[in-house]
Each structure stands twice: as C-alpha cells, then as structure tokens.
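First up is the structure itself, then whatever we jot down about it.
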Amino acid sequence: MGGFFGAACKEDAIYDVFFGTDYHSHLGTRRGGMAAYDKDIGLQREIHNIENSPFRTKFEDVFEEMKGNSAIGCISDSDPQPLLVRSNLGTYAICIVGVINNSEALINQYLDFSGGHFGAMTGGKVNSTELVAALINQKSDFVDGIKFAQKSIEGTASILILKGDGSIIAARDRLGRIPVLIGKGENGYCVSFESFAYKKLGYDDEKELGPGEIVELTCDSITQLATPGKKKRICAFLWSYYGYPPSNYEGVNVEAMRYRNGEIIAAHDMEVGNAKDIDYVSGVPDSGTPHAIGYSNKSGIPFSRPFIKYTPTWPRSFMSAKQSDRNKVAKMKQVPVHELIQDKNLLFVDDSIVRGTQLRETVEFLYSNGAKAVHMRSACPPIMYGCKYLNFSRATSDLELITRSTIMELEGEEGSKYLDEYSDSSTERGKKLRQAICDKFNFASLEFQSLEGLIESIGIDECDLCTYCWNGKE
C-alpha cells in the first residue's frame, strides 16, 4: 500500500515530515523517502531501503542532511519514491499511493508518441511514480496533468507534489478509494493519509479531500484547484484491517468501528446459537484484537490473550518473499500463555481470512499448547476477489484465496457462478464452504461477518464504499 505526509510551514518542516511519515510505517515495508524545498538550496531528496530497518533509523540523520520550510515524505511497499523530476512544468518532487494495473499499456503508448524514454529498474520495470509524472507532464499545468493521469490509470493513484517554489499539491484518487486529509496548525498546513499522524504533531482537522479533489498548500493558505467528483468508493478494508486504530476516515474512527463490528458478529452467534461454552474470546494480533474486544463486550465471554507476539527483535513476518520464511518468523513471534490455553475452548477473531496460511500455523500452535477447541471468526465477509485497486489483499490469482480454492475443490469451475450463495452462511453452499475450511484448518467452527454487518459497523452508505473484494462490484 504505502502512505504519505507533507507539510508547508512558516519555519523548518523537516521535523514534522520526519515524524509524520514515520507514523505511516504500518502501511509499507520496502522504501522510505523524503524531499524538501529550501529557497537557498532548492529541492533535495533522500530514499532508503527500509526492509530490514525502520524508517526512523534510516532517516535519523535527516535533520543535518536536509532543510526546508516545505517537505513531503512517503512510505512505499513498492517502488522508490519520492522522485525528483525536471519537465515542462518545472522541477518538482512527486510521490504516489496506489496501484497502476495498465502500466505496460501506458508506457508503450507514451514511448510510441514521445520518442522519449524511462529509467528502467531490474527486469525492465518502470517506477510507477515516474510513469505518473510522465502522464502529468503531457499537459500544460499540474491540474490538467493530474486529471489526465488519473483518468488514464486503471487502478488508484493519490498524488503528492512538492513544487519548485515550495508549495505542495495534493490530489486524492479519482474515486476516493484511499483517504487524503488536510491539517492546520500554527506553523502551517499539512497533508496526510493518516489523521492521527498530524494530530500528534499539533495540527487540527481542516478538511478531508473528496474523490479526485486537488488542493495546493502553502504555509498560509489552502487553495482548491479542482472540485471533488460525485462518485466515491472508499475502501471498506481500511477500517477492518490496514487503517491504524486512532485514525478517522470520512469521520469514522477505526478502533470504534472494530468494536461495533465485533459486537455485530457476537450478536449473530448469540441469535443462531453458535459457539457455546467458550472460555475466552481472543483476537489474532494485532488488528483482530479490537474486533474480539467488541465480541467479548457483547457476548459477556471474558476477553484474554492466550499468546503474545514478541516483536522487539523480529522483522515483520511478511517481509520475506518466501511464504515459508514468513510462516517461520510468524511462528517464532508467538509466545504462549499456557494457563489461558490448556484445556480451554477458545474463540478467536481475525480481521480477515485471505489465504489462511499463517492462520493454519496459529491454530496448530494453539492445539500443540493444549487448547481443547479453537473456534474462528472473520471480521470480514469471505474474500472472493483479489483487490485490483490497492496493494493490500492483492492476489495474482483469485484461486490463491482460501475461499475460491475451496470452492474449486467443492464444485469446480461451476462454483464460481454461485459466489453469492457461498458468501451466505444460511445457504447450503455457504454451510459447505465453512465446514470445508474448518476441516482444512481444524477449526471447531467458522463464521464470517456478513457484508451487511460490516457496512453497518462502518456506518457509511454502501454506495460510497468499495466492497469489490467481497462481492465483485466495482
């Protein structure tokens, strides 16, 4: 996924952008970068690999190496950025958040008519940020260029530009799938993916950009350059999984939504008589925990933590390219609390079940430490489609998803005609899917949150939410 933060200040902006960017580290693990503008030095840029060391460590010398009253920073889960670009629009720094599905077509189209070139990375891949810059530069000003780029891109791109005069242009993606928020402080204005990042730095909420809206920030002003579109499709997965707990999107807090979500799951279990005689309700750490707290609050079943993740010396488990290595790291992180596992009937709530590989390891770990039964609840509906708009929950094939691979085993290609039935726990196909996954993972029982329950817990009109990964609706 990735995230960005920028600030235009009356005084030095490096401190705010350093910490504001660092507060987006949960959104990416590959590259971190900062760019700054100083009237004497001009534009500066620094990029570091953060796969084995966090952003804060890699950029701890930035206060001596970079200066300026305007700066932008980004955490990237893909290509190095921000980039410095010199073009017909001037010299500027640019970073993006999103994914471009038609990059090869756009690259070939650009090369055919321009006779120009791109800097190629290993394997001939073109940096997505450079591609967006090339699209923008085809127009005579930034606003028309950003609109052209977003119209051309199949996927998602929110864009942050630090101009050669120190002003910052921020553009939310065309359908508003991811948030872009503006904060105002005594020292100036900032722009951020995560609202809590600027609140910790003393900024207050100013506005949240609408779909496709473009604004320009200086230390003294915010100017709207393009009005928002009417159609919005903000990613519902933001609240259930990858959004950070203290953040608000569209006025809805992440942590509070997760409590409501867990309560709705518990209410359904109580209504139909599922999962009786549970000793403890627990969350699969970390994002499953607040959903489990909500479940516990509603059901009256005590909340506990039967195992603790030991993280101080372990890298993030999904950093390795090899799934087997990620599983080993995830397993080594789990430290059991035997008194809360031995001979206990446990109900775990996870934020979602995508491929299920690490979940299998977790359940085996619990049984090996004496659990009597492990029930599983997913805070999301069954994921039936790999996301094609963002880098989170993406799959190269829908058959990588545990739901789709299980449906294929149950019914072959014919099963893809009945995905709505498989999503619904009240249908025969829905019951068979859940039982088949239980058999695979040794769950005592399994249930998914319904799409209706998820939407209710968010509290936003369904037509403003992207629910593609669950129902295939664009």
| note | Considering the stretch 334-365, residues that are part of a loop (DSSP other than H, G, I, E, B) and acidic (Asp, Glu), and then whichever is farthest from the chain's Cα centre (by Cα), we arrive at Asp343
| note | Just one listed residue, out of Asp77, Asp61, is surrounded by 15 or more Cβ atoms within 10 Å (Cβ to Cβ), among the acidic types (Asp, Glu) and out of contact with any His (no Cβ under 6 Å at 6 or more places or on another chain), and it is Asp77
| task | Filter the stretch 349-383 for residues that are among the basic types (Lys, Arg) and surrounded by fewer than 19 Cβ atoms within 10 Å (Cβ to Cβ) and give the result. | result | Arg355, Arg360, Lys372
| query | Can you find even one residue in the stretch 220-233 that is part of a strand (DSSP E or B), in contact with a Leu (Cβ under 7 Å, 6 or more places away or on another chain) and buried (at least 21 other Cβ atoms within 10 Å of the Cβ)? | reply | no
| remark: Over the stretch 419-464, the set of residues closer than 17 Å to Met270 by Cβ and touching a Pro at 6+ places or on another chain (Cβ under 7 Å) is Phe448, Gln449, Ser450
| query | Across the stretch 445-462, what is the number of residues that are free of Cβ contacts under 8 Å to residues at least 60 places away in the same chain and over 22 Å from Gly430 (Cβ atoms)? | reply | 1
| message | Checking the condition part of a loop (DSSP other than H, G, I, E, B), more than 26 Å from Pro211 (Cα to Cα) and out of contact with any strand residue (DSSP E or B) (no Cβ under 7 Å at 6 or more places or on another chain), which residue from Glu64, Glu60 passes? | response | Glu60
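For (1) surrounded by fewer than 19 Cβ atoms within 10 Å (Cβ to Cβ); (2) basic (Lys, Arg); (3) touching a Pro at 6+ places or on another chain (Cβ under 9 Å), each residue gets a yes or a no:
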residue	(1), (2), (3)
Thr122	yes, no, no
Gln138	yes, no, no
Ile153	no, no, no
Ser158	no, no, yes
Ile168	no, no, no
Asp173	no, no, yes
Leu181	no, no, no
| message | For the stretch 37-51, which positions are assigned to a strand (DSSP E or B) and either out of contact with any helix residue (DSSP H, G or I) (no Cβ under 6 Å at 6 or more places or on another chain) or not assigned by TED's automatic domain parsing to the domain that holds Gly90 (or both)? | response | Tyr37, Asp38, Gly42, Leu43, Gln44, Arg45, Glu46, Ile47, Asn49
| message | Given (1) farther than 24 Å from Val254 by Cβ; (2) outside the structural domain of Leu106 (by TED's automatic domain parsing); (3) not acidic (Asp, Glu), identify the lone condition not met by Asn187. | response | (2)
| remark: Scanning the stretch 427-449 residue by residue, those buried (at least 19 other Cβ atoms within 10 Å of the Cβ) and part of a loop (DSSP other than H, G, I, E, B) turn out to be Phe443, Gln449
| said: Here's a check for you: in the stretch 1-36, which residue that is touching a Lys or Arg at 6+ places or on another chain (Cβ under 8 Å) and assigned to a strand (DSSP E or B) is nearest to Leu390 (Cα to Cα)? | reply: Gly32
| request: Could you list, in sequence order, all residues of the stretch 425-457 that are charged (D, E, K, R) and under 24 Å from Ile278 (Cα atoms)? | output: Lys431, Lys432, Arg434, Asp439, Lys440, Glu447
| said: What pairs come out if I take residues in the stretch 186-209 that are free of Cβ contacts under 8 Å to residues at least 60 places away in the same chain and pair them with residues that are part of a helix (DSSP H, G or I) and aliphatic (A, V, I, L, M) whose C-beta lies under 6 Å away, six or more apart or interchain? | reply: none
| request: Tell me, yes or no, whether the stretch 43-52 has at least one residue that is farther than 19 Å from Thr129 by Cβ and either surrounded by fewer than 24 Cβ atoms within 10 Å (Cβ to Cβ) or of a type in the set (A, V, I, L, M, F, W, C) (or both). | output: yes
| query | For the stretch 105-129, how many residues meet the condition of being outside any helix (DSSP H, G or I) and in contact with a Phe, Trp or Tyr (Cβ under 9 Å, 6 or more places away or on another chain)? | reply | 4
| Scanning the stretch 284-326 for residues that are assigned to a helix (DSSP H, G or I) and surrounded by fewer than 17 Cβ atoms within 10 Å (Cβ to Cβ), which turns out modelled with the highest pLDDT? | Asn297
| task | Please specify each residue of the stretch 156-194 satisfying the condition of being hydroxyl-bearing (Ser, Thr, Tyr) and out of contact with any Lys or Arg (no Cβ under 6 Å at 6 or more places or on another chain). | result | Ser167, Tyr189, Ser192
| note | Restricting the stretch 98-145 to residues that are under 21 Å from Ile75 (Cα atoms) and in contact (Cβ under 8 Å) with a residue 60 or more places away in the chain, the one nearest to the chain's Cα centre (by Cα) turns out to be Gly98
| remark: If you go through Phe113, Phe148, the only one that is out of contact with any strand residue (DSSP E or B) (no Cβ under 8 Å at 6 or more places or on another chain) and modelled with pLDDT of 95 or more is Phe148
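For (1) over 30 Å from Leu390 (Cα atoms); (2) touching a Leu at 6+ places or on another chain (Cβ under 8 Å); (3) touching a residue at least 60 places away in the same chain (Cβ under 8 Å), each residue gets a yes or a no:
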site: Gly251; (1), (2), (3): no, no, no
site: Asn274; (1), (2), (3): yes, no, yes
site: Ser282; (1), (2), (3): no, yes, yes
site: Ile293; (1), (2), (3): no, no, no
| field | Long-range neighbours under 7 Å by Cβ, at least six apart or interchain, first residue closer than 17 Å to Lys207 by Cα within the stretch 148-174, second at pLDDT 95 or above and aromatic (Phe, Trp, Tyr) | value | Leu160/Phe4; Ile169/Phe142
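The values are calculated or read from the model by the stated rules, or taken from the named source; none is laboratory data. Bear in mind the structure is a predicted one, so any value in this text is a computation, not a measurement. Glycine also receives a Cβ, built like all others from the backbone with ideal geometry; neighbour counts cover every protein chain displayed.
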